[in-house]
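What follows draws every value from the coordinates through simple rules; no lab data is involved. What you see is a predicted model, and the numbers here were worked out from it, not measured in a lab. Counting neighbours? That spans all protein chains shown, and the Cβs are built from the backbone with ideal geometry, glycine included.
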Amino acid sequence: MSDEGKRIDGKLIAEDVVARVAAHTQKLGAEKNVTPGLAVIIVGEDPASQVYVASKGRKAKECGFHSVQHTLPADTSEEDVLAHVRALNDDPAIHGILVQLPLPKHIDENKVIQTIAPNKDVDGFHYMNVGKLGTGDLSTAYVPCTPAGSMILIRRVLGDDLSGLSAVVIGRSNIVGKPMANLLLGANCTVTIAHSRTKDLPALTRTADIVVAAVGRPEMVKGDWIKPGATLVDVGINRVDAPERGEGKTRLTGDADYEGVLENAAHATPVPGGVGPMTIAMLMANTLTSACRHAGFDEPDL
Ligand code: NAD
């Protein structure tokens, strides 16, 4: 089935967000002489992490940011990583600090994250930002990039007023599920969080106007789990075997059976090309927002 008119094009919307970020960055430079600075710390040589970090650096440059990368060897001590974070906390040229996860096992990830200054925590994982999102203080919080990007996708198709819509978020992780639920709640949706112990998940999702799948199980959400006219946001990124593409080949797929979902949904995000590109765009947006807040300048309209 063609996805014409139903596909939420995350790639296109992410490009639009990045263009808005770049334009606002120019204004901030012209009016306040401030350039947003993003620092990424990566420890060790995990190839996937290196790819992510390189693409974050490229995107930051595209936005006109000052972008720095600290690549530390895998055997760097926890104290050394913390010292790097503290130095960036004190560096006035840096507005966003991101520590690429996972960290090597001898380093306490949570300790590192909680050492990042909350007002430079562009991943939104510091307890201060988690608390602000939980209490609805969005004007000073930094919101995790994937749910923040998912929210923009939802608003682009459903508009700004989501009041009274019912939303089911599948997954309760601190990185995606819980902050997503808080954002939808903040937007006056009636929110249910489903997880691995939820009974009769298909019956639950069939009640929802908005379904967000953040599970990590390939194509778990089927077409008949979706109410006619509903919106599906698929956060999952799963690599599966693709023998049809040749021996040993793989492909990426989401947590939903996209083709099946299109039978009922009014709007759905594909994988790849849905939520994925939004995550990195929102990292740029959060970094610019931080620079604006530090400079006392208007925040970008995304
Ligand atoms: P996670 O493993 O931390 O959480 C998964 C959640 O799914 C858990 O809360 C669990 O209760 C729930 N779950 C597991 N099995 C279930 C089942 N059978 N029924 C209902 N719920 C079930 O994962 P995460 O970090 O939240 O990531 C979820 C997915 O999103 C993964 O595929 C991940 O790769 C992807 N992801 C994508 C992006 C992006 O940029 N697009 C960012 C982060 C994560």
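Annotations
- Residue in segment 248-262 that is among the aliphatic types (A, V, I, L, M), touching a helix residue (DSSP H, G or I) at 6+ places or on another chain (Cβ under 6 Å) and near the ligand (Cβ under 10 Å from one of its atoms) present: no
- When ALA187, ALA141, ALA208 are screened for being within 15 Å of the ligand (Cβ to nearest atom) and either of a type in the set (Gly, Ala, Ser) or surrounded by 16 or more Cβ atoms within 10 Å (Cβ to Cβ) (or both), only ALA208 passes.
- Within segment 225-247, tally of residues that are within 15 Å of the ligand (Cβ to nearest atom) and charged (D, E, K, R): 2
- Residue in segment 230-241 that is part of a loop (DSSP other than H, G, I, E, B), surrounded by fewer than 17 Cβ atoms within 10 Å (Cβ to Cβ) and out of contact with any Cys (no Cβ under 9 Å at 6 or more places or on another chain) present: no
- Top-ranked residue in segment 144-170 [being among the aliphatic types (A, V, I, L, M) and part of a strand (DSSP E or B); ranked as farthest from the ligand (Cβ to nearest atom)]: ALA167
- Number of the exception - GLY246 against (1) touching a residue at least 12 places away in the same chain (Cβ under 8 Å); (2) at positive phi: (1)
- Flag for LEU133 being away from the ligand (no atom under 16 Å from the Cβ) and either in contact with a helix residue (DSSP H, G or I) (Cβ under 6 Å, 6 or more places away or on another chain) or touching a residue at least 40 places away in the same chain (Cβ under 8 Å) (or both): no
- Residues of segment 43-92 that turn out to be assigned to a helix (DSSP H, G or I) and of a type in the set (A, V, I, L, M, F, W, C), as a count: 11
- Segment 81-105 residues that are touching a residue at least 12 places away in the same chain (Cβ under 8 Å), paired with ones that are assigned to a helix (DSSP H, G or I) and aromatic (Phe, Trp, Tyr) (beta carbon under 9 Å, 6 or more apart): GLN100/TYR52
- Selection from segment 171-184 of residues that are in a helix (DSSP H, G or I) and surrounded by 21 or more Cβ atoms within 10 Å (Cβ to Cβ): GLY177, PRO179, MET180, ALA181, ASN182, LEU183, LEU184
- Under the condition of being surrounded by fewer than 24 Cβ atoms within 10 Å (Cβ to Cβ) and part of a helix (DSSP H, G or I), the residues counted in segment 259-282 number 7.
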